[in-house]
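K.L.:
Sending over a structure as structure tokens; questions will come in a sec.
The values are calculated or read from the model by the stated rules, or taken from the named source; none is laboratory data. Predicted model only: the values in this text are computed from it and were never measured. All Cβ positions, even for glycine, are placed from backbone atoms using ideal geometry, and neighbour counts span all protein chains on display. Side chains included, ligands, DNA and RNA excluded: accessible areas come from the protein's heavy atoms. Shrake-Rupley method; radii C 1.70, N 1.55, O 1.52, S 1.80 Å.
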Amino acid sequence: MCGIVGYIGTVSAKGLLVEGLKRLEYRGYDSAGIAVMGDKGIDIERAVGRVANLEGKLEGRKGFGGSLGIAHTRWATHGAVTETNCHPHTDNAGKICLVHNGIIENYAAIRTWLGKRGHTFNSETDTEALACLVAELYDGDLEAAGNAALKEVTGAYAIAVISTEEPDVLVCARKGGPLMVGVGSGEYVVASDPSAIVAHTNRAFALDDYNVVRLTRDSIRTSTIHNKDVTPKVMMLEAQLEEIELGGFDHYMQKEIFEQPRALRTTLRGRIDRDEGRIVLGGLLNNAKELVRARKLIMTGQGTALHAGMIGEYLFEDFAKIPTEVEYASEFRYRNPIVEEGTVVCAISQSGETADTLAALDEAKDKGALALGIVNSVGSTISRSTDAGVYLRVGPEIGVASTKAFTGQVAVLTMMSLFLGRRRLMSVEKCKQMIGELEGVPDKIELVLQQADQIKAVTEKHIEKENWLFMGRGVNYPTALEGALKLKEISYIHAEGMPAAEMKHGPIALITDGLPAVFIANQGAQYTKVLANIAEVRARGGHVIAVATEGDAEIKDHADDILWVPEIAEPLSPLLTVVPLQLMAYYAALLRGHDVDKPRNLAKSVTVE
Ligand code: F6R
């Protein structure tokens, strides 16, 4: 989604802003722009396409020497992908200059009102209306004009605004869209994502909804848009620079797939008491009693996070014997769901900023549910909106296709279900056994990753095929959904995931000669049933690629290609079986010549509904 970077300090803003925009590229965007305060007004440049295009245009330009500026990557919502629609936007006089993430829902009414007051518009955007509104309400104080304008708008926003009338002031505000302020010495870096801040400072704070910050080189004031002072909670950003750099890999997705063993070791570290057969989750301790007495769990999220939640459903019901449901956050929020006493809602989100997931959580809280979060991004909006929760600790995920966050989410859900299971009905022995299995996962993923070349070769065989099916049963049904999602989002191959038994109820009609059908066929309670489903596909000419357990001799008679995973207790098996599917998707995109880390139409963090 859109990205914001702002800077006020002592060095030239241009390079720093462009570098910040590059760090935000992974979020997905279609155009970029920059504005720098100069002696004779504001220097502005915009370009469609990559930040590199903007950089190219800046090379030949005079000006841009100032040390206060704002910049933006746009993901079109209002109006086509054109230079005119690109941010920053100004009012007609060029006095106010603004960048904005989110959607101003009542922008049409604002435009009409402003039109009657003589404002004209160059672009089709809601943002230009907001810039003009700030100008209309400006009376010598940028912060006051910003507040007055924001009181008039409905929708979600994060903004950064500057004015020629106050050339040493940067004002930023948020409602809904994330925005952080990095605090350096004599300088501030503002960004919608910490990755644009960590190169400059590790000290930062997140703005809360309806908060405004007014920055000069030697002062900072945080307040609400109703002018009440707010004391910001400065925290240390955990991400190190090397975590957000490629470090020898060709793509972030590749790096993140391969760093899963290390990431999961960090997820598990300090949270397992092997001797006592217990899981130690500090983030849940204050609410442990309430959780143990929970009558129902609802897992919610979107996309990959929802698939992790579906696996959580199996784990919570198996280990903790708590009735569990899973629901898309986008559906839950508008369904008027029944939330009875003893309901716990668990929001799962890598970014912690997904608009639908956040809204579902708010809906659940309003109805009296205890709100849990399983989040990767420390300090993100969802992590700050929950009663309790567990961080993934897998490090920043930059690749648009989620990989290490998925295995991190499943690992955390496993720990949470064991945490509750032991406090309810689970025996020490069973818990110890599962803990041992969980601890073995990182080493076993390493063994799967060693087969990368073979997985690439199998993918290559089918690279011309436009339709794929992914099937699994039980806890690996969500893995099949995840495999299909990974393939379609970065290789643009049509793929469908489903429970293997569902195939006979319709999708079997799709099976033609040579259609690639990926089966999760690891050893487990439903293994023979999966073999029967495989036979149905082969009888119709489908080409079966099986993800199977090492040492399984029988599968060789049933599958055309086999991708091996080490033996593991069935409830934990998705942590291994998903890895070959992630690699298949990665290689398919690569072999088809797509930009793996910047898939078309997709954004890393979906902050609008
Ligand atoms: C798929 C993917 C998305 C996200 C979804 C939720 O690879 O990344 O489906 O899982 O947009 O995002 P978060 O987890 O940030 O809430």
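K.L.:
Quick one: how many Å² of residue 346 are accessible to a 1.4 Å probe, rounded to 10?
P.N.:
Surface accessible to solvent at residue 346 totals approximately 0 Å².
K.L.:
Please list, in order along the stretch 29-35, the HN-Hα scalar couplings obtained from phi with the Karplus expression 6.51 cos²θ - 1.76 cosθ + 1.60 (θ = phi - 60°), rounded to whole Hz, x for Gly and Pro.
P.N.:
Here the 3J(HN,Hα) series is 6, 10, 7, 8, x, 8, 9 Hz.
K.L.:
Projected onto the charge dipole of the chain (+1 at Lys/Arg Cβ, -1 at Asp/Glu Cβ, origin at the Cα centre), which of 88, 402, 150 gives the Cα projection farthest towards the positive end?
P.N.:
The Cα lying farthest towards the positive end belongs to 150.
K.L.:
Run the 1.4 Å probe and let me know the accessible area of residue 226, rounded to the nearest 10 Å².
P.N.:
120
K.L.:
Cα axis of helix 13-24 to longest principal axis of the chain: angle in degrees, 0 to 90, nearest 10?
P.N.:
With both axes taken from Cα atoms, the answer is about 20 degrees.
K.L.:
Need one number: % antiparallel among DSSP beta bridges in the chain, to the nearest 5.
P.N.:
Working: 63 of 103 bridges.
Of all bridge pairs located within the chain, approximately 60 percent are antiparallel.
K.L.:
In the stretch 449-592, if the dipole is taken from +1 on Lys/Arg beta carbons and -1 on Asp/Glu beta carbons about the Cα centre, which of 450, 537, 527 is farthest to the positive end?
P.N.:
Value: 537.
K.L.:
Order the following by accessible area, largest value first: 513, 30, 39, 552. Probe radius 1.4 Å; ligands, DNA and RNA are ignored.
P.N.:
Details: 513 130, 30 35, 39 165, 552 10 Å².
Per-residue accessible area, sorted high to low, gives 39, 513, 30, 552.
K.L.:
While we're here: Hey, if we sort 27, 384 by accessible area with the 1.4 Å probe, largest down, what's the order? Could you put the intermediate results ahead of the total?
P.N.:
Numbers: 27 10, 384 95 Å².
Sorted by accessible area, descending: 384, 27.
K.L.:
Could you tell me whether the chain comes out rounded, prolate or oblate from its Cα gyration tensor? Rule is a ≥ b ≥ c as square roots of the eigenvalues, rounded for a/c under 1.5, then prolate if a/b exceeds b/c, otherwise oblate.
P.N.:
Values: a/c = 2.11, a/b = 1.66, b/c = 1.27.
Prolate, since a/c reaches 1.5 and a/b exceeds b/c.
K.L.:
Run down the aspartates and glutamates and flag those whose C-alpha is under 18 Å from the C-alpha of residue 255, throwing out any fewer than 8 positions away in its chain.
P.N.:
Filter leaves 25, 242, 243, 245, 397, 443, 446, 453, 489, 595, 597.
K.L.:
Determine the per residue accessible area of the stretch 473-593 with all protein chains present and a 1.4 angstrom probe, expressed in square angstrom. List each step's numbers first, then the result.
P.N.:
Values: 3960 Å² over 121 residues.
With the other protein chains kept in place, the stretch 473-593 gives 33 Å² per residue.
K.L.:
Taking the stretch 501-609, how much of its Cα-Cα pair set, in percent, is spaced more than 19 angstrom apart?
P.N.:
The answer is 55 percent, as a whole percent.
K.L.:
Let me ask something else about it. Counting only protein heavy atoms and using a 1.4 Å probe, what share of the accessible area of the chain belongs to carbon plus sulfur, as a whole percent? Numbers along the way, then the final one.
P.N.:
On the way: 10700 of 22790 Å².
In the chain, the share of accessible area belonging to carbon and sulfur is 47 percent.
K.L.:
Given Cβ point charges of +1 (Lys, Arg) and -1 (Asp, Glu) and nothing else, what value in debye, to the nearest 20, does the dipole of the stretch 465-507 about its Cα centre take? Intermediate results must be reported in sequence, preceding the final value.
P.N.:
On the way: 5 positive and 5 negative charges, 23 e Å.
That gives a dipole near 100 debye.
K.L.:
Oh, and also: What is the set of long-range amide H partners of residue 38 at a cut-off below 5 Å, with H atoms built 1.01 Å from backbone N?
P.N.:
43
K.L.:
Please list the non-local residues whose amide H lies under 5 Å from the amide H of residue 168, H modeled 1.01 Å from N, same-chain partners needing a gap of 5 or more.
P.N.:
Here nothing satisfies the definition.
K.L.:
Right, next: Under the Karplus relation 6.51 cos²θ - 1.76 cosθ + 1.60, θ = phi - 60°, what is the ordered set of whole-Hz ³J(HN,Hα) values for the stretch 156-161, x standing for Gly and Pro?
P.N.:
After applying 6.51 cos²θ - 1.76 cosθ + 1.60, I find 10, 7, 9, 10, 10, 9 Hz.
K.L.:
Could you work out how far helix 574-591 tilts from the main Cα principal axis of the chain, as a 0 to 90 degree angle to the nearest 10?
P.N.:
60
K.L.:
Can you give me the angle between helix 477-491 and the longest principal axis of the chain, using Cα atoms only, in degrees from 0 to 90, rounded to the nearest 10?
P.N.:
With rounding to tens, the tilt is 50 degrees.
K.L.:
Taking θ = phi - 60°, what integer Hz values does the Karplus form 6.51 cos²θ - 1.76 cosθ + 1.60 yield along the stretch 356-368, in sequence order, with x for Gly and Pro?
P.N.:
Ordered by residue, 3J(HN,Hα) equals 5, 5, 5, 5, 5, 5, 4, 4, 5, 5, 4, 8, x Hz.
K.L.:
Among the trypsin sites (Lys or Arg not before Pro) within the stretch 92-125, which fall in a DSSP loop and have no more than 10 other Cβ atoms within 10 Å of their own Cβ?
P.N.:
Values: sites: 95, 111, 116, 117; in loops: 95, 117.
When the trypsin sites (Lys or Arg not before Pro) of the stretch 92-125 are filtered for loop state and at most 10 Cβ neighbours within 10 Å, 117 remain.
K.L.:
Dipole size in debye (nearest 20) for the chain around its Cα centre, Lys and Arg Cβ +1, Asp and Glu Cβ -1?
P.N.:
Roughly 620 debye for the chain.
K.L.:
Pull up all non-local amide H partners of residue 470: gap of 5 or more, or a different chain, and H-to-H distance under 5 Å with H placed in the peptide plane.
P.N.:
496, 497, 498, 518
K.L.:
Which lysines, if any, have their Cα less than 19 Å from the Cα of residue 57, not counting same-chain residues under 8 positions apart?
P.N.:
In chain and number order, the partners are 14, 22.
K.L.:
Only four residue types carry charge here, +1 at the Cβ of Lys and Arg and -1 at the Cβ of Asp and Glu. Report the dipole size of the stretch 246-439 about the Cα centre in Debye, rounded to the nearest 20. Display every interim value, and only then the final one.
P.N.:
Working: 24 positive and 25 negative charges, 126 e Å.
Here the size comes out at about 600 debye.
K.L.:
What FRET efficiency comes out for residue 592 versus residue 289 if R0 is 56 angstrom and r is the Cβ-Cβ distance? Round to the nearest 0.05.
P.N.:
Values: r = 52 Å, r/R0 = 0.94.
Calculated value: 0.60.
K.L.:
In the structure shown, do any of 233/367; 444/488; 456/556; 486/529; 432/529; 40/175 have a Cα-Cα gap over 21 Å, and if so which? Working shown, then result.
P.N.:
Details: 233/367 28 Å; 444/488 26 Å; 456/556 19 Å; 486/529 25 Å; 432/529 30 Å; 40/175 32 Å.
From 233/367; 444/488; 456/556; 486/529; 432/529; 40/175, over 21 Å: 233/367; 444/488; 486/529; 432/529; 40/175.
K.L.:
Tell me the accessible surface of residue 113 in square angstrom (1.4 angstrom probe, heavy atoms of protein chains only), to the nearest ten.
P.N.:
My reading of the accessible area for residue 113 is about 100 Å².
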